[in-house]
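Structure, as structure tokens:
The values are calculated or read from the model by the stated rules, or taken from the named source; none is laboratory data. Note that this is a predicted model, so its numbers are computed, not measured. Virtual Cβ from ideal backbone geometry, glycine too; neighbours counted across all protein chains shown.
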């Protein structure tokens, strides 16, 4: 805690010093004996009595602003707010919302607790990412014409949506269709009959939406067939791997929570010990003085006379 005792000789210089001191986190302590009459007349004329009385409020507000900046800088220094790597299809704002919710729940204080909360957030992100990987694998299998779980209706819908977005790129989306369906579309819509690729793509899209998809959607797939397809997508080894990964992630979360709780408990214990130690020390001082004076009086020292 630094005390600036330089008199307020220059109002402009005083304002600069207040801003400099606040930026460094230095509190300007005003003596309880200083009154409004001790402030130079020029400063009172510039600020007025209201400004003089609210100077402490302004200093407190400045200190709060710079406190946030210092906390943010310390967090960046310790890597707490380091951006987490995201994969395609992931929204960084989802992790930020998760991390903010955990910070609100645990109220970490200091880099140690903040790092523990960040570890919890990253572990929970990994758990959600594991489920996204499984959904991605299932989607890839249903769109693969060579896979046993190939879903022709879903593939046609995806193909039609791709043509709607980029009609000039026709050859790429065709790969998600079966060979039988590709041959049918090539015979029915040969490239030489169309002036542009976009016109041919529009014709194929119209055929899919008006004729092919309605005929396929009339046939309901048996539920047992869906079970067989699901078994082809996620095998027993995949299930074992998923369970093992979730157990490892849960163990990581448990360790981070334990570390966070231990850090909070240790800080609380040290704070309590410091308070108790200070009170014991303050209590012991009068007793020592009393014993010393008693010994002096008992010995009859010259100071008594």
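Taken together, the residues in the stretch 172-197 that are part of a helix (DSSP H, G or I) and loosely packed, with under 15 Cβ neighbours inside 10 Å amount to 13.
Determine, yes or no, whether residue 105 is loosely packed, with under 15 Cβ neighbours inside 10 Å, more than 30 Å from residue 206 (Cα to Cα) and at pLDDT 90 or above. Give the steps one after another, and end with the answer.
On the way: loosely packed, with under 15 Cβ neighbours inside 10 Å: yes; more than 30 Å from residue 206 (Cα to Cα): yes; at pLDDT 90 or above: yes.
Yes.
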